[in-house]
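> Sending over a structure as structure tokens; questions will come in a sec.
The values are calculated or read from the model by the stated rules, or taken from the named source; none is laboratory data. Just so you know, these numbers come straight off a predicted model, no measurement behind them. Every residue, glycine among them, receives a Cβ derived from its backbone with ideal geometry; neighbour counts consider all protein chains shown.
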Amino acid sequence: MHVLLTAPGFEAALIEEIDRQDAGDAKLLANGVVGLEARCPPEATDFVFARHILFDAAEIRGESVSALADGALFPWVPILDADEEPWELLAFIPDEHLEAHVLERRAELVGEKIAEALKKRRKRVLRRKVESARKLAQVLLVDRDRGFASLADRLTLPGGGVWPSAFPAGRAEIADDWDAPSSAYRKLEEALAWLPVKVRPKDRVVDLGAAPGGWSQYVGRMFKGKGRVIATDILPMGHLPGVEFLQGDFSDEAVFQALLDLLGDQKPQLVMSDMAPNMMGIAEVDHARSMHLVDLAVDFAEKTLPRGGDFLVKVFQGREFLPLMQRLRTLFESVKVRKPKASRSRSVELYLLARNFRM
Ligand SMILES: C[S@@+](CC[C@H](N)C(=O)[O-])C[C@H]1O[C@@H](n2cnc3c(N)ncnc32)[C@H](O)[C@@H]1O
């Protein structure tokens, strides 16, 4: 069985997605955790609502930390003994577990116990993200006494990332850069770390809803002066090196057009939008206003992206979400959803990364 992680609240959507793709039989295993008896290799499928996958996972049960660690180790030992390669070990829990504080510590202890046992067998155990680690060994605790263990070969993705990702449930390790102008900076850093998007020097990136400038600054730093960041916001924004800024309301056609003029015939490789209206506190109204901006951002991406271009957008969950997904799926080859760890845990914001514009 494969175990897929999703954002809590998205389990039904993930199961529906698996069903739609006729990829196998799926069932709910725990909050944010779906089990899949796959009909086709999971590498061949792109589960939009899944954030992470544990291949060929076995269920483990045990009252104690040692029993859980033994349960995970038992099937791994012969495979790892026969393999001298370094490997990475992750022990984690689903996002937003009700007893997260207790369970997180327990997962850590299970990980330590496994690492200890493997060191005795003189295996090189790497706890951090290491590109060279070919194998990914994972333990996911869904309860005090129940979890899933999986050992998988890693694939290197064309964008430079590895798959399955080293960030289960989106728990990317992100630098606390307090000099950055906004918490949005950390969210983008985390999103880009998790998603296999690489911004290359000389690329062009458009940042919609850019103030106070976290995302623009992040991309500008990656460019090291060699690319072009074109940013816009209804509010003013301070000068950032390497960032061209246009102030105006994006829902105003003249501003939309001015931005197109600024790009000229240079197509952007990435359009990103973090635009969010001032919230009124009425969920339906807030959702509709924010989705209007998202739609305009999609229109802009559709007009400007070259074939193969990417689009990153922040959206708020609500009833316009699925129609948006459908629109993006027709325009792009793949659409990934994730909730940033750096966002407040109860907030309903999500990132969608649509990759490979079809034109
Ligand atoms: C969450 S903030 C963006 C944070 C930014 N990504 C960063 O990294 O610092 C959302 C922005 O969307 C902008 N915004 C809202 N409505 C807009 C509109 N109609 N046109 C342009 N920008 C808009 C807001 O002024 C606000 O600065």
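Each row is one residue, and each column tells you yes or no for (1) at pLDDT 80 or above; (2) in the same structural domain as Leu260 (by TED's automatic domain parsing).
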| position | (1), (2) |
| --- | --- |
| Asp177 | no, no |
| Leu188 | no, yes |
| Leu192 | no, yes |
| Arg200 | no, yes |
| Pro212 | yes, yes |
| Ile234 | yes, yes |
| Pro241 | yes, yes |
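> Further, regarding this structure: Quick check on this structure: which one of Gly318, Gly264, Gly309 is without any contact (Cβ under 8 Å) to a residue 60 or more places away in the chain, closer than 16 Å to Asn356 by Cβ and away from the ligand (no atom under 11 Å from the Cβ)?
Answer to the selection: Gly309.
> Could you say whether any residue in segment 291-310 is in a strand (DSSP E or B), assigned by TED's automatic domain parsing to the domain that holds Ser273 and within 26 Å of Gln21 (Cα to Cα)?
Within segment 291-310 (the criterion being in a strand (DSSP E or B), assigned by TED's automatic domain parsing to the domain that holds Ser273 and within 26 Å of Gln21 (Cα to Cα)), the answer is yes, since at least one residue qualifies.
> Is it the case that some residue within segment 24-35 is more than 21 Å from the chain's Cα centre (by Cα) and assigned to a loop (DSSP other than H, G, I, E, B)?
No - not one qualifying residue is present in segment 24-35.
> While we're here: Find all pairs meeting these conditions: Cβ atoms under 6 angstrom apart; at least six residues apart or on different chains; first residue within segment 270-281 and at negative phi; second residue assigned to a loop (DSSP other than H, G, I, E, B) and within 13 Å of the ligand (Cβ to nearest atom).
Ser273/Gly209; Asp274/Gly209; Met275/Gly209
> If you scan segment 273-293, which residues turn out to be away from the ligand (no atom under 13 Å from the Cβ) and surrounded by 13 or more Cβ atoms within 10 Å (Cβ to Cβ)?
Once the filter is applied, which keeps residues that are away from the ligand (no atom under 13 Å from the Cβ) and surrounded by 13 or more Cβ atoms within 10 Å (Cβ to Cβ), segment 273-293 yields Ala283, His287, Ala288.
> Quick check, is Leu352 surrounded by fewer than 15 Cβ atoms within 10 Å (Cβ to Cβ), among the aliphatic types (A, V, I, L, M) and modelled with pLDDT under 95?
Here the answer is no, as Leu352 does not meet what is asked.
> Considering only strands (runs of 3 or more DSSP E) fully contained in segment 197-260, which possess at least 1 residues that are surrounded by fewer than 16 Cβ atoms within 10 Å (Cβ to Cβ)?
Per the criteria, 243-247.
> Okay, moving on. Against the condition in the same structural domain as Pro277 (by TED's automatic domain parsing), modelled with pLDDT under 95 and either over 23 Å from Ala276 (Cβ atoms) or in contact with a strand residue (DSSP E or B) (Cβ under 7 Å, 6 or more places away or on another chain) (or both), how does Gly225 come out, does it pass?
Yes.
> Let me ask something additional. Return yes when Val337 is touching a residue at least 12 places away in the same chain (Cβ under 8 Å) and either under 22 Å from the mean Cα position of the chain (by Cα) or more than 16 Å from the ligand (Cβ to nearest atom) (or both) and no when it is not.
When the stated conditions are applied, Val337 passes them.
> All but one of (1) assigned to a helix (DSSP H, G or I); (2) aliphatic (A, V, I, L, M); (3) surrounded by fewer than 21 Cβ atoms within 10 Å (Cβ to Cβ) hold for Val110; state the number of the condition that does not hold.
(3)
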